Structure formats: C-alpha cells, structure tokens
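Computed from the coordinates by the stated procedures, all read-outs in this text should not be read as laboratory data. Note that the structure is predicted; figures quoted are calculated from it, not measured. So basically every Cβ, Gly included, is an ideal-geometry build from the backbone, and we count neighbours across all protein chains shown.
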Amino acid sequence: MLRYQSALDQVVHPNQNFEESLKLNKHKLNSVLVNINTPKRVIKKYGGINTFLKHKVVPQNFREYLKDFGHTLLVTKWRWIWLTVILVNLATYFLFSFFWMWLAYISGDFDPDNTTPCVVNTKTLTGYFLLSMETITSIGYGYRYPTENCRKGWILLTFQALCSVALQGVLVSAIYVKISRPFRKVLNSLFSKKAVICLRDDQLYFIFKIHDFNSTIWCGTKIFLYFIDKEGSYDKKFEMKEMKIKPYGSLIFPLEIEHVIDKNSPLWKFGSRDIATKKYEIVAVAEGSSVITGQVNQTRTSYISDDILWGYTFKSCVEFNESKNMYKVNYKDLKSVIPFDTPLCSAKRMEEE
C-alpha cells in the first residue's frame, strides 16, 4: 500500500472530497499508477530475457553462416526452416532436370530419326522435371523413364540417388533435432506469481513456491536465486548476487523455496518500505531433466517490488485424504497467501533490537 498511497497523494487534494478528487484527476491517477507499476525487468515474468545486443555483429560474408550450418538451422525460426526445405528440394529437382535434358540431348533424343531414345516419352523441360522428381523421391518410374541407351546415364542416376539420400538426411535430421531439443523455457510457469516475506523461527524469510506436475524438471532438479540491484541509472553495470536457499527436497509436492534474510543476504537492510519502493529484481531459475523424455529443461521468472508481499505466507495446499488413503494437492490453494504477523522493520534492525 505504500506505493499506492504515495500515488494517491499526488492527485487527491487535502481540502477536497476523496471521490470528487478521483473523478477530476482520473487520467492523472492512471498515469501515476502506470509509471509506478511499469517496472523494467531483466528477466520477464514468463522467463524471457529482456536484453538485446546494441551493436550486433552481422556477418558480411555468407560463408560465416556456413561455418556452423547445423547451429544456424537449429536457431532459425520454423518458417525459415520450412522455406529452406521447399526451396532446396525445388532447386534440386530443377538442377537434375537440366542434367537429364542435357544427357538426352547428347544421346540424340531430339533427333527425329532416333529410334533408341535415352529417356522415353519426354522431350520437354516439364517432363525432365517430373523425371528428376521421380528419381529423387524414389516413387518409381511410370510413363517416362531412362533406358540403357543413355550415355553415362547410370552415373547421373547414381549421383542423383546419393545426393537425394544426403540432402534428405541433413534436412530431416535438422528438423528432428529442432523438434526434440530442449525448449528455451518450460511453457507453463512452475513458479508462484507472488513471493512473500514473513517471520519464521525469529528470522525473516523470502519465500516463493514451485511445483512441477508435468515432471519436466524432476531429475537432477537445481534451483538458483539471484539478486539484481537496479538503484540509480539503468546505464550502470548490473551485478547478480546469488542468494542462498535452504535445502528444498523433491518436487513430488509443491515446495516452498526459502531464503533466510541474514547478514549475507542482499535483503539484510530491507524493511517493508524498502521492499515496496526500491528498484531491484530477484531472479529465480529452476532446471532439471524430464522423467518422460530425458531432455534438460529450464524455467525462469523474476520478482520485483510489485510481486513481493510483506507480512504474508503461503496457504497449505497438501492434505491427506483418508477415504482414498492418498495425499491430495488442492490446486486452488496452490498459490494462495494469507496474512502473517511480521515486523515491518528490516532483519538488521530486528537483530539490533
């Protein structure tokens, strides 16, 4: 409420009625609240990275892309992948259609008196294109087909078959690896939208929740927490300070990830007002392997002042169902918070007192 009270003070005159002031200064209030609640995140809430290269080095020579062609295909967007597949196949069909046409020409197929043609039933570019397509796709020859009268025709046929196998192998492998590689992020956020700060065992704790019902990071789960101080100019160098977390166990249940606010914590001097007003960002990263596919996945999120609730704790969402003799997770209460009696002062001041 500290942030909202400071915003209302700018639009509500002390000698005016509260409702009248809001009606007269509605647009001003909206602009103040937008300025307050429009943070500049380093890590977006869904896990995307909010950074870019100011002076990106773009290769001037096409050979730079070919040096690591496999990686170039994998990082390319899907529309360009499919466009590449279509264009490469069309180019291959046309290239070998000209080869077949040239081979037929030197074999005398275009001579009206020729009775032993190299390629039967075609003398047009369209026909040679269809012949090339039938050879590459291995669907079998039909109306048009090459004969033993072709001069060195077996060389062209063998070379085209080998090129087809190599080309299709490269393109199919690239598409398969792009499909089966780990996603840039887990599609469904595993983190709670809000984090809380509350008192436990006479110490302040920073707590957020994580769950993994789809088993995307169950194997070798690792969770990291980082603090970014963004006070002052945005042009300064940001440093990420790691925040130690307590042992969290297995993800068979929704877990509360706890960070003790002690002398080594970047939140040591933060009181409730500092949490609501200072510029900072807490980044949470979870990674692990899926028990279904074995792929390594990573998910991220960030917490800023608007996402952290002081004096709250998460509501318990796990209970035992005696009739079914099973533990039940109440999804409605998964990310619910309830008020919790917590001092408003910082952990440093609590220790001094």
Task: Distance between region 240-273 and region 320-334 - C-alpha centres, whole angstrom - done: 27
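With r defined as the distance between the Cβ atoms of E322 and K193 and R0 fixed at 22 Å, what FRET efficiency is calculated, to the nearest 0.05?
Here the calculated transfer efficiency is 0.10.
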Task: Too-long pairs where the Cα-Cα distance tops 18 Å, listed order kept, from K241/K263; K263/K335; K193/K332; K45/K328; K222/K244 - done: K263/K335; K45/K328
Task: Distance between modelled label sites at E352 and K332, nm, 7 Å Cα→Cβ extension - done: 4.6
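Please work out how much length the chain gains when fully extended from L167 to K263, using 0.36 nm per residue of separation minus the C-alpha to C-alpha distance, in nm with one decimal.
Length gained between L167 and K263: 28.5 nm.
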Task: Highest to lowest packing among 341-349, 297-305, 207-215, scored as the average C-beta count within 10 Å - done: 297-305, 207-215, 341-349
